[in-house]
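The values are calculated or read from the model by the stated rules, or taken from the named source; none is laboratory data. Because the structure is predicted, anything quoted here is derived from the model rather than measured. Cβ atoms come from the backbone with ideal geometry, glycine included; neighbour counts cover every protein chain shown.
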Amino acid sequence: MEVTVDGRAVEVEPETTILSAIRAAGANVPTLCFDERQAPFGACRVCLVGVEGARAPLPACTTPCRDGMVIDTQDETSRRVATAIVELVLSELPVAPEPHTELATIARSLDVGTPRWPGVTHTVDHDTRHPYLAFQHELCISCGRCVRACDEIQGAFALTATGRGFAANISAGLDKGFRDSACVSCGACADTCPTDAITEMTLLPL
Amino acid sequence: MTDERFDSSVTTTCGYCGVGCRLEAHVRDGKIVSISPALDGPANEGHTCLKGRFAHQFSRSRDRLTAPLIRESGGFRLATWEEATARIVSELTRIKETHGPDAIAGLASSRATNEDCYAMSRLMRATIGTNNIDNCSRVCHSPTSFAMRRSLGLSGATGSFSDIDAADAAIIIGANPTEGHPVVGARIKQATLRGLKLVTIDPRRIELADYGVLHLSPRPGTNAAVMLGLCHVAARDGLIDRAFIDEQTEGYEELTELLESYAPDAVSEITGVPAADVETAAHIYGEAQNASIIWGLGVTEHKYGSEVVQLICNLALMSGKLCRAGSALLPLRGQNNVQGSSDMGALPDTYTDYRRVDDEDVARSFEAAWGVPLSRTPGYKVPEMFDAAVAGDLKAMWIFGEDVAQTDPNTTHVIKALENLEFLVCQDIFETETTKYADVILPASAFLEKSGTFINAERRFQLVEPALDPPGSAKTDFEILTSMSRALGHDMGWETPSDTMDEIARLTPAYSGASHKRIGRTGLQWPVTADGPDSPTLYTDGFSLPGGRGRFAALPYKAPGDSADAEFPLILITGRRLQHYNSGTMTRRTGNVELVDREWLEIHPDDAARLWVQSGDVVSVRSRYGRIECEARITDRIEAGHVFTAFHFPEVRTNLLIGPSVDVNTACPEYKVTAVDVRPVSEEAARTPALAGQPSHT
């Protein structure tokens, strides 16, 4: 079937997501909770796009294409919502994410500077008990990528989401830490983390 | 994407197991600071394990060899490369003149690149003039190579790891992928979660057994009977592909006669596997649209290991489960380049692509290329080298990247052989148990410091690129081997490893399309012709045997080389653990030691109770050949009557226990069946100290 992305027609297979169609068309839309190694999750709403005839912006990563769909990655409402989401996410962090992280990269691409909402930020909480993997819990944005990497790529099921609302975070082995959990130290969680909430000991800022 | 945290980043191929993960190695201040998986790596698809990703600190460990060492008055002294070269040239020349070239032997390394292994074999064949060249695949997958060539024609997996995703069912026999080949282990686990029907066959209840639909625990050394039982049920219940058998194979009638004696009841008698489980396993494999068989050293490291691989091929051939996606035979090669080191002809009887040294046309083509006369007499295999050294026939060895005194069986005999040599050259990155017996130690390079190619378990050539320079005055193996050869009077004429690959391609039709440029980021699976595509799936146009027909092998079950008796009532199985790798030379010099710092013996609760052993107690393990001590841990993942340990720690010299029994066709040692006596002793467990004064994150 055929869809149009920003005015350009592309041929796609049935079941293709809007995100894949956008990338096939050589266009781009920022993503935050998406990792091509994992099944699409659709939690963050940063990949919202406009679709002709739709009542509201649609998440590109989880929405399948329909024949003849007209997709607008520059849709104004979508970009405004995505930008606000990234700004809100950043407003919960006690420090700006390191420049190399995906979150910082997205913030730059959406032109989000210092968040306009001062208020409570997460308390700094580091766990460095494992020889290789470190938690910086204050940087967790609950995107779920680490948990899915552990489940869908490695199959260790060592990580889990904990807490609710502002207290939402991640935990290995019911807070026993990586070492005493089912973790096999593969590092897939650190590799996918968009904020360095899980990172390598060698890469912790000095 | 450039990352401001790193000075440089290169894409290379992992130097640990045979999965062949593509890695991005990131360098800061002359050290590896992080390794991440390459998203386009065909074998790992953006994943890797704790060895590939984290166990890289060894590369700048302060006890790396950084200058040549020469033995002098009982000890070693630092030497210049000129001194080391002079000593090697004078000693090898003297021995060659006095005793002939066949008094010298070389070992190439399955850890090294194809180019290094090819250079090593050329050094022995052309520079020295002997076919005494072998590599460590001898002690792991040589039976797989032998058997697959016999049954199907080529020495390699028939498909790719992607066949795991395409299969409806799979059998894993004698392999523990979640520990030994973690990235493939994870892939298999994910496949089972999506519905792959997995049958695991292993004396230990491996982790993947929890994800499979059926687990069989045969007695060690009885794999042949299990495979014959599966074939019996397949034949009896019509789970065969008659058209495939008629059109593409030969020898089926002979096999069916043999199979009559392997009804499930008879198999149960030999193996201890319930007859009903044999039936069920055969039906799961036979009824699947597509099914693959995966195996490891639990199949090969036996007296009849090569025959069991032929029996595995039988099952695939009679079921017609070959030559298409999802239906493959996938041996999990142990080391990063165990496939390549043999493909490159670092073997006593074959040149590249397994062409025999006594094949006149092949030998002439190498003589023409190298400009020297070459021997037509096959040389010593690894165990034969040690026998010859003990007998006094072999006078000198050049051991490259292998710690035979820790990893080879019957260690006492190996040490006697090394002591008996007049001259031993070791080329390695660390001092090892083996280098203790060396006369010259050459400081070499780790995989993170060299350029070349590895071939993974899918027959895929993949590029290796240097992230670091070798430390101190250590050199790349390529530089060492080519310059030593030049000093010995034979100039190989290569500037870079890329030139070596071009020569290999020129002299080997099956690899004629391989060049560093074409291998590129995503690799090439041999056979690959000069202008043609590579070969993810083999035998789509018939088997590589006369008439294009696969060959059935009618081989009966025979008892293993060792068995339990009153004095040695338990059977010891050896294998690997997730956190460490083989002799542990690399992983013991990384933070992995903080995760696992010692060896232990796995023992069943019934045996432990009988012997008054508790978890954490130190036990003595004695075989007919030696004795070790290590900690015991009680687990019901092993059957009563069997015990298990690994061989990653020199504090526990597991291979002292292993006897001289070897595979009948390939001389691969029988590591997996050793009768032992276990009893408690009052000692502290031996362990490797964590990196002293070296915080893990620096």
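Within 25 Å of the chain's Cα centre (by Cα), outside any strand (DSSP E or B) and either more than 25 Å from B:VAL664 (Cβ to Cβ) or more than 14 Å from chain A (Cβ to nearest Cβ) (or both), is that true of B:LEU555? First the steps, then the outcome.
Details: within 25 Å of the chain's Cα centre (by Cα): yes; outside any strand (DSSP E or B): yes; either more than 25 Å from B:VAL664 (Cβ to Cβ) or more than 14 Å from chain A (Cβ to nearest Cβ) (or both): yes.
So B:LEU555 passes the test.
Within the range A:82-112, the set of residues being polar (S, T, N, Q), under 15 Å from the mean Cα position of the chain (by Cα) and surrounded by 15 or more Cβ atoms within 10 Å (Cβ to Cβ) comprises A:THR83, A:THR101, A:THR105. The set of residues in the range B:586-601 that are surrounded by fewer than 19 Cβ atoms within 10 Å (Cβ to Cβ) and more than 22 Å from B:ILE429 (Cβ to Cβ) contains only B:ARG598.
For the range B:514-558, the tally of residues that are among the aromatic types (Phe, Trp, Tyr), touching a strand residue (DSSP E or B) at 6+ places or on another chain (Cβ under 9 Å) and on the phi < 0 side of the Ramachandran plot stands at 3.
A search for C-beta distances below 7 Å between a residue of the range B:379-398 that is free of Cβ contacts under 8 Å to residues at least 60 places away in the same chain and any residue that is basic (Lys, Arg) and surrounded by fewer than 24 Cβ atoms within 10 Å (Cβ to Cβ), counting only pairs 6+ apart in sequence or on different chains, returns B:VAL390/B:LYS416. The numbered conditions (1) of a type in the set (Ser, Thr, Tyr); (2) assigned to a loop (DSSP other than H, G, I, E, B); (3) within 18 Å of the chain's Cα centre (by Cα) are all true for A:SER171 except (2).
Only one entry in B:ALA157, B:ALA235 is away from every other protein chain (no Cβ under 14 Å), over 24 Å from the mean Cα position of the chain (by Cα) and not aromatic (Phe, Trp, Tyr), namely B:ALA235.
Scoring B:VAL10 on the criteria (1) surrounded by 23 or more Cβ atoms within 10 Å (Cβ to Cβ); (2) more than 10 Å from chain A (Cβ to nearest Cβ) leaves a single failure, condition (1).
This table checks each residue for (1) free of Cβ contacts under 8 Å to residues at least 40 places away in the same chain; (2) assigned to a helix (DSSP H, G or I).
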{"residue": "B:ILE294", "(1), (2)": "no, no"}
{"residue": "B:GLY298", "(1), (2)": "no, yes"}
{"residue": "B:ARG333", "(1), (2)": "no, no"}
{"residue": "B:ASP361", "(1), (2)": "yes, yes"}
{"residue": "B:ARG364", "(1), (2)": "yes, yes"}
{"residue": "B:GLU367", "(1), (2)": "yes, yes"}
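How many residues are over 23 Å from A:ALA39 (Cα atoms), among the charged types (D, E, K, R) and in a strand (DSSP E or B) when one looks only at the range A:3-24? The total comes to 1.
Taken over the range B:153-163, the residue count meeting the criterion of being surrounded by fewer than 24 Cβ atoms within 10 Å (Cβ to Cβ) and hydrophobic (A, V, I, L, M, F, W, C) is 1. Does B:LYS303 count as within 16 Å of B:PHE543 (Cα to Cα), part of a loop (DSSP other than H, G, I, E, B) and either in the same structural domain as B:ALA43 (by TED's automatic domain parsing) or among the charged types (D, E, K, R) (or both)? Judged against the criteria, B:LYS303 is not a match. Candidates A:VAL124, A:VAL112, A:VAL147, A:VAL95: the one that is under 30 Å from A:GLU52 (Cα atoms) and away from chain B (no Cβ under 14 Å) is A:VAL112.
If you go through the range B:59-77 one residue at a time, do you hit one that is more than 14 Å from chain A (Cβ to nearest Cβ), of a type in the set (Val, Ile, Thr) and in contact with a strand residue (DSSP E or B) (Cβ under 9 Å, 6 or more places away or on another chain)? It would help to see each step written out before you state the result.
Filtering the range B:59-77 down to residues more than 14 Å from chain A (Cβ to nearest Cβ) leaves B:61-77.
Retained after the next criterion (residues that are of a type in the set (Val, Ile, Thr)): B:66, B:70.
Checking which are in contact with a strand residue (DSSP E or B) (Cβ under 9 Å, 6 or more places away or on another chain) leaves us with B:66, B:70.
Within the range B:59-77, one or more residues are more than 14 Å from chain A (Cβ to nearest Cβ), of a type in the set (Val, Ile, Thr) and in contact with a strand residue (DSSP E or B) (Cβ under 9 Å, 6 or more places away or on another chain).
When B:GLU24 is tested against (1) within 24 Å of B:ILE133 (Cβ to Cβ); (2) acidic (Asp, Glu); (3) part of a strand (DSSP E or B), exactly one condition is not met: (1). The set of residues from the range B:569-620 being assigned to a loop (DSSP other than H, G, I, E, B) and either in contact with a Cys (Cβ under 7 Å, 6 or more places away or on another chain) or among the hydrophobic types (A, V, I, L, M, F, W, C) (or both) comprises B:LEU578, B:MET586, B:VAL596, B:GLU599, B:LEU611, B:TRP612, B:VAL613.
Scanning the range B:676-698 for residues that are touching a strand residue (DSSP E or B) at 6+ places or on another chain (Cβ under 6 Å) and either surrounded by fewer than 18 Cβ atoms within 10 Å (Cβ to Cβ) or at pLDDT 95 or above (or both) yields a count of 7. Just to be sure, is A:ASP196 of a type in the set (Asp, Glu), in a loop (DSSP other than H, G, I, E, B) and more than 8 Å from every other protein chain (Cβ to nearest Cβ)? Yes. Reported count of residues in the range B:164-186, each being surrounded by 23 or more Cβ atoms within 10 Å (Cβ to Cβ) and part of a helix (DSSP H, G or I), is 9.
Of the residues making up the range B:495-521, just one is in contact (Cβ under 8 Å) with a residue 40 or more places away in the chain and over 30 Å from B:LEU538 (Cα atoms), namely B:THR496. All of (1) closer than 30 Å to B:SER160 by Cα; (2) within 12 Å of another protein chain (Cβ to nearest Cβ); (3) surrounded by 19 or more Cβ atoms within 10 Å (Cβ to Cβ) hold for B:PRO42 with one exception: (2).
Which residue, of B:ALA396, B:ALA391, B:ALA369, is of a type outside the set (Val, Ile, Thr), closer than 16 Å to B:ARG125 by Cα and surrounded by fewer than 20 Cβ atoms within 10 Å (Cβ to Cβ)? Show your work before the answer.
On the way: B:ALA396 fails: surrounded by fewer than 20 Cβ atoms within 10 Å (Cβ to Cβ); B:ALA391 fails: closer than 16 Å to B:ARG125 by Cα.
Selected residue: B:ALA369, the only one of B:ALA396, B:ALA391, B:ALA369 that is of a type outside the set (Val, Ile, Thr), closer than 16 Å to B:ARG125 by Cα and surrounded by fewer than 20 Cβ atoms within 10 Å (Cβ to Cβ).
Close contacts from the range A:74-103, counting a first residue that is under 22 Å from A:ASN169 (Cα atoms) and in contact (Cβ under 8 Å) with a residue 12 or more places away in the chain and a second that is surrounded by fewer than 16 Cβ atoms within 10 Å (Cβ to Cβ) and of a type in the set (A, V, I, L, M), with Cβ to Cβ under 8 Å and a gap of 6+ residues or different chains, come to A:LEU90/A:ALA96; A:GLU92/A:VAL120; A:PRO94/A:VAL124.
Taking the conditions (1) part of a helix (DSSP H, G or I); (2) modelled with pLDDT of 95 or more; (3) within 13 Å of chain B (Cβ to nearest Cβ) in turn, A:THR202 satisfies each one other than (2).
Considering every residue within the range A:124-143, establish whether at least one is polar (S, T, N, Q) and surrounded by fewer than 18 Cβ atoms within 10 Å (Cβ to Cβ). Walk me through it before giving the result.
Taking the range A:124-143 as the starting set, the residues that turn out to be polar (S, T, N, Q) are A:128, A:136, A:142.
Then keep just the ones that are surrounded by fewer than 18 Cβ atoms within 10 Å (Cβ to Cβ); that gives A:128.
Yes, there is a match, as at least one residue in the range A:124-143 is polar (S, T, N, Q) and surrounded by fewer than 18 Cβ atoms within 10 Å (Cβ to Cβ).
Among the candidates B:THR500, B:THR496, B:THR476, B:THR537, the residue that is modelled with pLDDT of 95 or more, outside the structural domain of B:PHE400 (by TED's automatic domain parsing) and polar (S, T, N, Q) is uniquely B:THR537.
In the set A:ALA161, A:ALA197, A:ALA107, A:ALA188, which member is under 28 Å from B:GLU594 (Cα atoms), in contact with a Leu (Cβ under 8 Å, 6 or more places away or on another chain) and not hydroxyl-bearing (Ser, Thr, Tyr)?
Details: A:ALA161 fails: in contact with a Leu (Cβ under 8 Å, 6 or more places away or on another chain); A:ALA107 fails: under 28 Å from B:GLU594 (Cα atoms); A:ALA188 fails: in contact with a Leu (Cβ under 8 Å, 6 or more places away or on another chain).
Answer to the check: A:ALA197.
For the range B:191-211, the criterion of being at pLDDT 95 or above, out of contact with any strand residue (DSSP E or B) (no Cβ under 7 Å at 6 or more places or on another chain), of a type in the set (S, T, N, Q) and in a helix (DSSP H, G or I) is met by no residue.
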